[in-house]
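Down below is the structure, laid out as structure tokens.
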Amino acid sequence: MSTKDVPLVQARGLVKRFGHVVAIDHSDFELRHGEILAVIGDNGAGKSSIVKAICGALQPDEGEILIEGKPVHFSSPIEAREMGIEIVYQTLALSPALSIADNMFTGRELRRPGFLGKWLRMLDKPAMERFAREKLNELGLMTVQSIRQPVETLSGGQRQGVAVARAAAFATKFIIMDEPTAALGVKESRRVLELIKDVRARGIAIVLISHNMPHVFEVADRIHIHRLGRRLCTIDPKDYTMSDAVAFMTGAKTPEVADAA
Amino acid sequence: MSTKDVPLVQARGLVKRFGHVVAIDHSDFELRHGEILAVIGDNGAGKSSIVKAICGALQPDEGEILIEGKPVHFSSPIEAREMGIEIVYQTLALSPALSIADNMFTGRELRRPGFLGKWLRMLDKPAMERFAREKLNELGLMTVQSIRQPVETLSGGQRQGVAVARAAAFATKFIIMDEPTAALGVKESRRVLELIKDVRARGIAIVLISHNMPHVFEVADRIHIHRLGRRLCTIDPKDYTMSDAVAFMTGAKTPEVADAA
Amino acid sequence: ETKACLITKTDTNPFFVKMKEGATAKAQELGIELMTFAGKIDGDVESQVAAVESCIAAGAKGILITPSDSRALAPVVTEARENGLLVIALDTPFEPADVADATFATDNFRAGELIGMWARAKLGDEAANARIALLDLNPSEVSVDYLRDGGFLHGFGIDIKDPTDIGDEDDPRIVGHDVTNGNEEGGRKAMENLLQIDPNINVVYTINEPAAAGAWEALKAAGKSADDVIIVSVDGGCPGVRNVAEGIIDATAQQYPLRMAALGVEAIARWAEDGSKPAPTPGKDFFDTGVALVTDQPVEGVPSISSEEGLKLCWG
Amino acid sequence: MNDVADRSPGATEAEAGLAGAASAVAEFQPRRRTLLDHIQHVLHNNPTLVPVIVLALSLVAFGIIAGERFFSPFNLSLIMQQVSIIGMLAAAQSLIILTAGIDLSVAAIMVLMSVVMGNLAVNMGVPTPIAIVAGFAGGAAAGLLNGVLITRVKLPPFITTLGTWNVFFALNLWLSGAQSIRSQDIDEKAPLLKFFGESIQLGGAKITFGVILMVLMFLALWYMLNHTAWGRHVYAVGDDPEAAELSGIRTERVLLSVYTLAGFLCALAGWAAIGRVGSISPQSFYEGNLQSITAVVIGGISLFGGRGSILGALFGALIVGVFQSGLRIAGVDVLWQVFAIGWLIIIAVAIDQWIRRVSA
Amino acid sequence: MNDVADRSPGATEAEAGLAGAASAVAEFQPRRRTLLDHIQHVLHNNPTLVPVIVLALSLVAFGIIAGERFFSPFNLSLIMQQVSIIGMLAAAQSLIILTAGIDLSVAAIMVLMSVVMGNLAVNMGVPTPIAIVAGFAGGAAAGLLNGVLITRVKLPPFITTLGTWNVFFALNLWLSGAQSIRSQDIDEKAPLLKFFGESIQLGGAKITFGVILMVLMFLALWYMLNHTAWGRHVYAVGDDPEAAELSGIRTERVLLSVYTLAGFLCALAGWAAIGRVGSISPQSFYEGNLQSITAVVIGGISLFGGRGSILGALFGALIVGVFQSGLRIAGVDVLWQVFAIGWLIIIAVAIDQWIRRVSA
Ligand SMILES: Nc1ncnc2c1ncn2[C@@H]1O[C@H](COP(=O)(O)OP(=O)(O)OP(=O)(O)O)[C@@H](O)[C@H]1O
Ligand SMILES: Nc1ncnc2c1ncn2[C@@H]1O[C@H](COP(=O)(O)OP(=O)(O)OP(=O)(O)O)[C@@H](O)[C@H]1O
Ligand SMILES: OC[C@H]1O[C@](O)(CO)[C@@H](O)[C@@H]1O
Ligand SMILES: [Mg+2]
Ligand SMILES: [Mg+2]
């Protein structure tokens, strides 16, 4: 069995309870190599919860998660990150008072070579700034004045850009994006969608949570439909209409073949 | 000149600066009786700022605002509210630890009749709860367990419902909604759009800020296009395509006749 | 079994720790059950009020108390007496003294006066040119504070004006007053500050011996030697007397907390037995447990004991 | 203007699928619970029960350790008296902490105002009622000063009251000349100042008017917080000030009223303190600021604002009082009393945190 | 799986309009500025300048009021000495406040550890270096206890350290038996304990090793905060702990390291305090906790965390020292010193707030 045949991520029977609420109710999940998987569902269906469980931001109560066929247990997103898994949170997770460069490198800072870095643990600020500027330019995402300016001085769209650029720069396996375009304008959303496709072209898989059906149908290779805490089915966007997808996710229709794609 | 001929809201030459940023740059604004006016524009164009200036949540540095032809100066949204102007903020502005009923009535609580209310200023909790339940049912927006439960126990969609219901219940002139569907799912967004139309049907005007072009073109009577801190033009959605609108707001095209509608 | 209470100002001052030791030992000897209480900091009136009340509630026969505020505690102490408890003030008298049934205390004014007189005699004619620094307790100016400060100045021959007000004198020999909180750190800082005003200070009065120790560190750091400056203090604790022996403190007025405590416990025992109360020292409104000037440089006209004797008595 | 009142004419393509969508919100099966879960749940819904239970447990514990003397009506009523002044400060402090503030100056205001009342009535011969009213006005003004610095100058409450604490403390020393006013002088010239020291005897228990005042103060504030619009606004402001402002609450006014009322309550406590101590001592209650905060947090009111019942602060003050009295009667050294109070704070708040961690 | 790597094949209808959209972000003309605006702007970009300027102004003011005596190198170096211990506590406090915490126990840890060192070395005959290391370990452990309660039990820092303050205070009384250890006894048995009291003479100025230690401590922390990953993480955690956690920082570890390091720095300050005071006194520095917070806030570090430079705390401590010394030399009563410090806190922070209000 070649690596490509084994799904990149496979989760089975995940359960997560918050007090009396069951946010994930014996749900499965599958992400394949190099694909864009959209996750759609009503508000409160448990979309954010399941992706958080997969990247270690939530500890599931039950179930198992396999990455490239190997069982994993992430006790925090940091461990997932170390495996090349990046997440763009709905809240962005940037530190407002720190600079763009600092934010790009939080938790994986570069140190100076030689004595300064080894013994004085001195950061290599020039190198980090160079890299950050490069990545932002590469993604054509923004024209910021200075890579040293605090993130709080950026507009919402620019901040989103920083968060996406950070994920894209460091991911080697896959990126999870939780409603990355919710607060963005038409132009800014378009940029993010293009970016998502660029990233896939580099062979990195993407999980995209979104309420925007046209976006989903435009970029997704497969669509995971989440309902009442579990995966209802997975469909191929070429085989179904947006209207079908919405009907499934809201319970207006029941999919005929579970796991259509 | 009948009241109907005078615009409901008219603002001229508004300016608002934040330090070195000019968020509103000599902008005009007009809202007519009973209409749905959509406001669109890039991220950071100044949409939120201008509607905040109109309802008193921001104090403009220059310019004048007329409501039904009379100059007004709101030093806080409370004063606007007293004139029948309601706002649904992007952040919702609900107090998480207070009950749904408390939240519906913040700042305009009902007191018991007679001695208790007059001298002991006792709240009429039963009356407020009855009213709140009625309004929520009327709008068909949700099935909450108890009107006394704290708002923090509601889902995002339900909270949005409470905020919209509050505005709809008390507005007599107009309601401003700042991206009310940004975080909502397909189903929940639909409900909000229907609600907006219901409210208009009751003769109350609505200002809707949104990045969702299909929504805007579906419900708006007129579209105010905002760009670089000022109103670029106002168009009639029947005369233009979504593509035109986006081209105007992003600067890809220049509208031929300023103030088209 | 007879119960008695000891209520001190704090537990952070070795003087009171000593007092507690003395009372505990005496109580054990006489077969009395002793309960001890203290405030958290000097001036903590409410803790002392609560302690008196607890003693009443506990059915104690008598209370030994060093009032944190000589006026403020009067009402609760009166209540205790009305409930049949014998109340004895230790160390700090009430105002007026007859609020308590008896007082076993140092005469704090006298203590100050002794070191003042000694300092004047020691300087002789030079006293007219003295440069005096006064290191007091804290901004609250409680009674021990003004009594010792005033006593010292009086003994030195300076008009103290309002005896309850510190710092209202106008004698040009006074360089200034500063507060020490009665500890070494405060003593050092206060001394440094006053030296800034006049580096030629040659007489230093201190509220207690920890403050004196701190003051000495500052003087040393300013390049002074023990011969340049006269440091006088009050207390006579063992570390303080050792400092006298080593020439750091020139003279100190020794108090006798153990004696105060022991006498107090005995008085309560007698009160429980036959209802008799101790009598004050003739001519005073309290029982003077005595104060002795400890110095190794005796001067004429001021009775004193040597540091060697002082060390034997220290806080006895 | 076209009239589009009919439903969904322009629904987007995707939304066609909505027809017949389930209208119920997501619901999930409830989870099975252990006994501990159950207890946690009950307490979660009634958080004020926590300090009540801690109080009951400490009463029982000290009843056993310190013997029946501890349990006498006399001693229990004594604890109430001992707690009364810090209890009143805790009431004022609770109001402020509910708005997510903190007041390091409450005790300083209280002492300053009792000195003002005493100076006027005893030393300067002003009629006592006028002196008392002057004290009230002073307390309210001191609170207002805090409020203005916090709302207008926008200083954090901690810093503001750290500053004004120093200022009030200095004024207090200055006004009093650091001298206590004697009980006898008050009796003679202004006995009304000692009103709250009067008491009624109920069996072995002695209930002072000061204790009654404290209880009434808590009940009145409880009523105001829970049954008036002002009270709801206090919670809303503490919960999320921005949301409160946007939803129509004049947060500045609410904060000003809270600080001013707290200042007034401190002055009232200052009057009561004269009755309690019997005299007026400018150096007393130096630790009252932190003691009031201790009572509030042990009572389960969140330092982050907006959560907790003011009655909790009453129980918090009583718990501290019971501990101190119990340890005293059991003959424990002050130093170990301090030690025990330290752990009490930590453990009580830890329990409270545990309770609140469950989602409803 | 279909391969869609080409651009915008399924662009929605609306987006057709994007072709040729301006790619610049919104830009607006800069606004004209008054001189005051200008000053505000400069200070905004260099917030540490504020305490520096306040310090400079107060130096000048007291130079005028208190005369040249104030300005002598000797007096200036004396102020440094007087400030050194509170300065070190302020350094530890700054670390904690940068994480949006607060530590009411710093001074208690410091005094406790100097008592531990003294007890071991002077009273129990333990070799001095071992006694010192034991003190360091104790300080770190005390800090770690705070950290564990805050991160694991999830208690608010204010409450945690209010509790441990009491605990450490009690332990201090217990260990020391309330007795000071005399300067001469230290000289005789453990002179190394006084190391930081040694000094070098520079013209009229006398620079103690304690002062040098304080300055080095600030410089080292400044380096760590600004040039190491750990430092950036401290800021990030204080700024927005949730964002920090999600973006890959182990916030718990960072907090634990901060509290432990702060505890260690307090122990170091405890050692230096022995040199400064000359003897070991369990009663000193009772107000050190609040004094350290005062220095930090006057130095412009936000109590909300994540903002401010640690060097500010050094200047804050110096400002307080200059005020106290200046007022003293000018012959002002202690009570008015207290009064002045109260207003100093309020005014310094008000200026700081005003500066920060401008958006960059
Ligand atoms: N930390 C939490 N504590 C308690 N309940 C939670 C928590 N996180 C999520 N939930 C609950 O779990 C359920 C699923 O939430 P989740 O955020 O995963 O939904 P979602 O599908 O991402 O919704 P949306 O589209 O609105 O983002 C909801 O009922 C939510 O209230
Ligand atoms: N309180 C503030 N302080 C400083 N700058 C502000 C403030 N509020 C808004 N701005 C700035 O004013 C400009 C306009 O912001 P505004 O929020 O009005 O944009 P918007 O059109 O609503 O954007 P979006 O679609 O992202 O909500 C932006 O550059 C923003 O950064
Ligand atoms: O703090 C003042 C107290 O300190 C003593 O001098 C002991 O050191 C006592 O006599 C006095 O009451
Ligand atoms: Mg979600
Ligand atoms: Mg906006």
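Just a few scattered comments:
- Pairs, first within 9 Å of another protein chain (Cβ to nearest Cβ) and over 15 Å from A:Gly13 (Cα atoms) in the stretch A:45-59, second within 13 Å of ligand 4 (Cβ to nearest atom) and not in a loop (DSSP other than H, G, I, E, B), C-beta under 7 Å, six or more apart: A:Ala45/A:His226
- Scanning the stretch C:242-296 for residues that are open to solvent by less than 40 Å² (accessible area, probe 1.4 Å), of a type in the set (D, E, K, R) and at pLDDT below 90 returns a single hit, C:Asp288.
- Scope the stretch B:33-50; condition closer than 22 Å to B:Lys197 by Cα, of a type in the set (D, E, K, R) and more than 8 Å from ligand 5 (Cβ to nearest atom); matching residues: B:Glu35
- Listed by first and then second residue, the pairs with beta-carbon distance under 7 Å, at least 6 apart or on different chains, first residue in the stretch C:238-263 and at negative phi and facing chain E (nearest Cβ under 10 Å), second open to solvent by less than 10 Å² (accessible area, probe 1.4 Å) and assigned to a loop (DSSP other than H, G, I, E, B), are C:Gly240/C:Ile249; C:Asn243/C:Ile249.
- If the condition is being part of a loop (DSSP other than H, G, I, E, B) and small (Gly, Ala, Ser), then the stretch E:212-261 contributes E:Ser247, E:Gly248.
- Residue that is within 14 Å of chain A (Cβ to nearest Cβ) and either more than 16 Å from ligand 2 (Cβ to nearest atom) or at pLDDT below 90 (or both), where the choices are B:Arg130, B:Arg148, B:Arg166, B:Arg159: B:Arg159
- The single residue among C:Ala221, C:Ala215 that is surrounded by fewer than 23 Cβ atoms within 10 Å (Cβ to Cβ), within 30 Å of E:Ile207 (Cα to Cα), more than 14 Å from ligand 3 (Cβ to nearest atom) and within 14 Å of another protein chain (Cβ to nearest Cβ) turns out to be C:Ala221.
- Evaluation of B:Gly44 against (1) within 13 Å of ligand 2 (Cβ to nearest atom); (2) on the phi < 0 side of the Ramachandran plot (one fails), failing number: (2)
- Hits in the stretch D:123-149 (condition: out of contact with any Pro (no Cβ under 9 Å at 6 or more places or on another chain), surrounded by fewer than 22 Cβ atoms within 10 Å (Cβ to Cβ) and β-branched (Val, Ile, Thr)): D:Val126, D:Ile130, D:Val133, D:Val148
- Of all the residues in the stretch A:201-224, those that are open to solvent by 20 Å² or more (accessible area, probe 1.4 Å) and either touching a Pro at 6+ places or on another chain (Cβ under 6 Å) or over 24 Å from E:Gly17 (Cβ atoms) (or both) number 4.
- Entry remark, the stretch C:1-45: residues being assigned to a strand (DSSP E or B), hydrophobic (A, V, I, L, M, F, W, C) and over 20 Å from C:Gly237 (Cβ atoms) number 6 in total.
- Residues satisfying the stated conditions in the stretch E:276-293, i.e. open to solvent by less than 10 Å² (accessible area, probe 1.4 Å) and farther than 22 Å from E:Gly177 by Cβ: E:Asn289, E:Ser292, E:Ile293
- Residues satisfying the stated conditions in the stretch D:85-106, i.e. part of a helix (DSSP H, G or I), in contact with a Ser or Thr (Cβ under 7 Å, 6 or more places away or on another chain) and open to solvent by less than 20 Å² (accessible area, probe 1.4 Å): D:Leu89, D:Ala90, D:Gln93, D:Val106
- Enumeration of residues in the stretch C:3-34 that are more than 25 Å from C:Cys314 (Cα to Cα) and either at the interface with another protein chain (Cβ under 9 Å from one of its Cβ atoms) or open to solvent by 10 Å² or more (accessible area, probe 1.4 Å) (or both): C:Lys3, C:Gly31, C:Ile32, C:Glu33
- Subset of the stretch D:167-211 (residues that are open to solvent by 40 Å² or more (accessible area, probe 1.4 Å), within 14 Å of chain E (Cβ to nearest Cβ) and part of a helix (DSSP H, G or I)): D:Phe169, D:Leu171, D:Trp174, D:Leu175
Residues checked against (1) of a type in the set (Asp, Glu); (2) open to solvent by less than 10 Å² (accessible area, probe 1.4 Å); (3) under 28 Å from A:Lys197 (Cβ atoms); (4) within 16 Å of ligand 5 (Cβ to nearest atom):
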| position | (1), (2), (3), (4) |
| --- | --- |
| A:Ala11 | no, yes, yes, no |
| A:Phe18 | no, no, no, no |
| A:Asp28 | yes, no, yes, no |
| A:Leu31 | no, yes, yes, no |
| A:Ala53 | no, yes, yes, no |
| A:Pro60 | no, no, no, no |
| A:Gly69 | no, no, yes, no |
| A:Phe74 | no, no, yes, no |
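- Residues of the stretch B:236-261 that turn out to be within 24 Å of B:Lys173 (Cβ to Cβ) and either within 10 Å of another protein chain (Cβ to nearest Cβ) or touching a Pro at 6+ places or on another chain (Cβ under 8 Å) (or both), as a count: 3
- Exclusive hit being at pLDDT 90 or above and either within 21 Å of D:Asp240 (Cβ to Cβ) or more than 16 Å from ligand 3 (Cβ to nearest atom) (or both), set B:Leu110, B:Leu139, B:Leu92: B:Leu110
- Residue within the stretch C:65-72 that is within 8 Å of chain D (Cβ to nearest Cβ) and without any contact (Cβ under 8 Å) to a residue 40 or more places away in the chain present: yes
- Of all residues in the stretch C:51-64, those satisfying the criterion of being at the interface with another protein chain (Cβ under 10 Å from one of its Cβ atoms), open to solvent by less than 10 Å² (accessible area, probe 1.4 Å) and either aliphatic (A, V, I, L, M) or more than 12 Å from D:Ser325 (Cα to Cα) (or both) are C:Ala51, C:Ala58.
- Whichever residue in the stretch A:60-93 is more than 11 Å from every other protein chain (Cβ to nearest Cβ) and assigned to a loop (DSSP other than H, G, I, E, B) and, among such residues, is nearest to ligand 4 (Cβ to nearest atom): A:Pro60
- Selection count, the stretch A:83-100, where residues are more than 16 Å from ligand 2 (Cβ to nearest atom), over 15 Å from the mean Cα position of the chain (by Cα) and surrounded by fewer than 24 Cβ atoms within 10 Å (Cβ to Cβ): 1
Yes/no matrix, rows are residues, columns are (1) free of Cβ contacts under 8 Å to residues at least 12 places away in the same chain; (2) of a type in the set (Ser, Thr, Tyr); (3) touching a strand residue (DSSP E or B) at 6+ places or on another chain (Cβ under 8 Å):
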{"site": "E:Leu255", "(1), (2), (3)": "no, no, no"}
{"site": "E:Ile274", "(1), (2), (3)": "no, no, yes"}
{"site": "E:Val297", "(1), (2), (3)": "no, no, no"}
{"site": "E:Leu303", "(1), (2), (3)": "no, no, no"}
{"site": "E:Val334", "(1), (2), (3)": "yes, no, yes"}
{"site": "E:Trp343", "(1), (2), (3)": "yes, no, no"}
{"site": "E:Gln353", "(1), (2), (3)": "yes, no, no"}
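- The listed residues are D:Val115, D:Val153, D:Val122, D:Val106, and the only one of them that is over 16 Å from the mean Cα position of the chain (by Cα) and more than 14 Å from chain C (Cβ to nearest Cβ) turns out to be D:Val153.
- Cβ pairs under 9 Å, 6+ apart, first in the stretch D:279-291 and within 16 Å of E:Ile159 (Cα to Cα), second open to solvent by less than 10 Å² (accessible area, probe 1.4 Å) and part of a loop (DSSP other than H, G, I, E, B): D:Asn289/D:Asp103; D:Asn289/D:Leu104; D:Asn289/D:Ser105; D:Leu290/D:Leu104; D:Leu290/E:Leu104
The values are calculated or read from the model by the stated rules, or taken from the named source; none is laboratory data. Given the structure is predicted, the values throughout are model-derived calculations rather than measurements. Backbone-built Cβ (ideal geometry, glycine too); neighbour counts: all protein chains shown. Ligands, DNA and RNA are excluded from the accessible area calculation, which covers all protein heavy atoms including side chains. Shrake-Rupley method; radii C 1.70, N 1.55, O 1.52, S 1.80 Å.
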